[in-house]
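Below you'll find the structure, written out as structure tokens, and then a few comments.
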Amino acid sequence: NVRLLTTKQFVPPRNPFGIAFDIDGVLLRGREPIGRAPESLARLYKDVKNAELQVPYIFLTNGGGMTESARAAELTRLLGVPIAAQQVLLGHSPFMSLSHRFKSKRVLSVGKGAVDEVLASYGFRKVVKIDEYVEEFDSIDPLESYKPWVKQSKSSRDILMPSSDQKISAVFVCSDPVDWGRDLQVLCDVLRSGGLPGKAESESPQPPLFFAADDLEYQAKFPVTRFGMGAFRLALETLYKEVVGHPLAYHSYGKPKAVVYKLAENSLQHVAKLLNMKHGKPLTSSEKVLSSHLESATVGEVNEEHCALKTIYMIGDNPETDIAGAIGVGRPWFSILVRTGCFREPENHPLYPADKVVEDVYEAIDFIAQNEG
Ligand code: G3P
Ligand code: MG
């Protein structure tokens, strides 16, 4: 009974609206599209081949580990529609607004993927990735020799204690850490020593610690949800408190934080403006055209302009992040909860009830089309 709506049913809408898509558990499981996710996105274009978009939409994910432009290219490949970097908000995108504070300071980047490149792309100048950082110490990870994936060729290293110019001024957990055991140990070392590991105690204050997101669990390819960055945060917090004796100080971003929804409003409005500018004329290439018109749409920085969109639909699978955030911010956000990820219940979530519950993203687009048609 699902009707594939023609493009005309979206244009012109009665009121300007936009859509924010969660990724894991809504559009993808790992690298595999969920159900009719590609078709669902294709319905937002007048002409997919010519990147002629007609409904402003963005991706709003707590995931990360690559730059927004690399993720846009990957999503384009996986979902079969042209996607621009300015349509992608990752968990770590708000870190851009912190780059001026730590511009010339040495910062540690943690997590899967190219997390050093990510911070460099935001304007951080002295970034060291944890995989390279551990190389600066002799025996910082006592279990290293049991890890067949670690190169064991290193002879005894010269540097035993870091010098003050190697001090870590802040730690950024950008994406899910890969080697939890090592990273928990090294982060406790860095944080309890004021950024210069090697001493048991230090008078120096704990360096600032930032997490890109705080999801306890998320939906990956495995049928049952997996631990996310929030689980790692809990582990670090517990261990730090136990060994140091006082609570870990940290700040986390990601959904359901309101700032993330404000960033999403900004990004959506820029995409919407572009569509209005290009009214009646096809876009030649999404990446090229969106990039050139959206130069002012700096990812990761909140611009407090009034939101001209009457409704922003958040399509998510996690009541505690996607839906709780939309509820917290209120209008113009309207939450749609799908049953293809973290949430599988027959009834709405009791603590964070979504404005609408549907089976999957395709049904979500049906609902939006009917609501806006
Ligand atoms: O690591 C990814 C996970 O934290 C959630 O991603 O797309 O469901 O917000 P998403
Ligand atoms: Mg999700």
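The values are calculated or read from the model by the stated rules, or taken from the named source; none is laboratory data. Please read all numbers here as calculations on a predicted model, not as lab measurements. Quick reminder, even Gly has a Cβ in these numbers, built from the backbone with ideal geometry, and neighbours come from all protein chains shown. Side chains are part of the model used for accessible areas, which takes the heavy atoms of the whole protein and leaves out ligands, DNA and RNA. Shrake-Rupley method; radii C 1.70, N 1.55, O 1.52, S 1.80 Å.
If I ask for residues that are within 18 Å of Pro82 (Cβ to Cβ), away from ligand 1 (no atom under 11 Å from the Cβ) and either assigned to a loop (DSSP other than H, G, I, E, B) or aromatic (Phe, Trp, Tyr) (or both), which ones from segment 24-51 would you list?
The initial filter retains those residues of segment 24-51 that are within 18 Å of Pro82 (Cβ to Cβ), namely 27-28, 33, 37-51.
The next check asks that each one be away from ligand 1 (no atom under 11 Å from the Cβ); those that pass are 33, 37-51.
Arg43, Leu44, Tyr45, Val48, Lys49, Asn50, Ala51 - these are the residues of segment 24-51 that are within 18 Å of Pro82 (Cβ to Cβ), away from ligand 1 (no atom under 11 Å from the Cβ) and either assigned to a loop (DSSP other than H, G, I, E, B) or aromatic (Phe, Trp, Tyr) (or both).
Could you please find all residues in segment 203-231 being over 16 Å from Glu320 (Cβ atoms), more than 16 Å from the chain's Cα centre (by Cα) and not in a strand (DSSP E or B)?
Glu203, Ser204, Pro205, Gln206, Pro207, Pro208, Lys221, Phe222, Pro223, Val224
Have a look at Phe95, Phe59, Phe102 and point out the one that is open to solvent by less than 20 Å² (accessible area, probe 1.4 Å), of a type in the set (A, V, I, L, M, F, W, C), without any contact (Cβ under 8 Å) to a residue 40 or more places away in the chain and closer than 30 Å to Leu209 by Cβ. Break it down stepwise before answering.
Numbers: Phe95 fails: without any contact (Cβ under 8 Å) to a residue 40 or more places away in the chain; Phe102 fails: without any contact (Cβ under 8 Å) to a residue 40 or more places away in the chain.
That would be Phe59, the only listed residue that is open to solvent by less than 20 Å² (accessible area, probe 1.4 Å), of a type in the set (A, V, I, L, M, F, W, C), without any contact (Cβ under 8 Å) to a residue 40 or more places away in the chain and closer than 30 Å to Leu209 by Cβ.
Conditions tested, residue by residue: (1) at pLDDT 95 or above; (2) outside the structural domain of Lys310 (by TED's automatic domain parsing); (3) among the polar types (S, T, N, Q).
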| residue | (1), (2), (3) |
| --- | --- |
| Asn1 | no, yes, yes |
| Arg14 | no, no, no |
| Ala20 | yes, no, no |
| Gly65 | yes, no, no |
| Ala70 | yes, no, no |
| Arg77 | yes, no, no |
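So, Ile34, is that one open to solvent by less than 20 Å² (accessible area, probe 1.4 Å) and within 16 Å of ligand 2 (Cβ to nearest atom) or not? Reasoning before the result, please.
On the way: open to solvent by less than 20 Å² (accessible area, probe 1.4 Å): no; within 16 Å of ligand 2 (Cβ to nearest atom): yes.
No; evaluated as a whole, the condition is false for this residue.
So that you can scan it fast, the table gives a plain yes or no per residue for (1) in contact with a helix residue (DSSP H, G or I) (Cβ under 7 Å, 6 or more places away or on another chain); (2) away from ligand 1 (no atom under 16 Å from the Cβ):
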| residue | (1), (2) |
| --- | --- |
| Gln206 | yes, yes |
| Leu209 | yes, yes |
| Arg226 | no, no |
| Met229 | no, no |
| Leu248 | yes, yes |
| Tyr253 | yes, no |
| Ala264 | no, no |
| Leu268 | no, yes |
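If Thr76 satisfies every condition in (1) assigned to a loop (DSSP other than H, G, I, E, B); (2) more than 20 Å from Asp214 (Cβ to Cβ) but one, which is the exception?
All conditions are met except number (1).
Can Tyr261 be described as open to solvent by less than 10 Å² (accessible area, probe 1.4 Å), under 24 Å from Gln86 (Cβ atoms), assigned to a helix (DSSP H, G or I) and at pLDDT 95 or above?
Against the criterion (open to solvent by less than 10 Å² (accessible area, probe 1.4 Å), under 24 Å from Gln86 (Cβ atoms), assigned to a helix (DSSP H, G or I) and at pLDDT 95 or above), Tyr261 qualifies.
Return yes when Pro82 is crowded, with 18+ Cβ neighbours inside 10 Å, assigned to a loop (DSSP other than H, G, I, E, B) and touching a helix residue (DSSP H, G or I) at 6+ places or on another chain (Cβ under 8 Å) and no when it is not. Spell out the reasoning first.
Working: crowded, with 18+ Cβ neighbours inside 10 Å: yes; assigned to a loop (DSSP other than H, G, I, E, B): yes; touching a helix residue (DSSP H, G or I) at 6+ places or on another chain (Cβ under 8 Å): yes.
So Pro82 passes the test.
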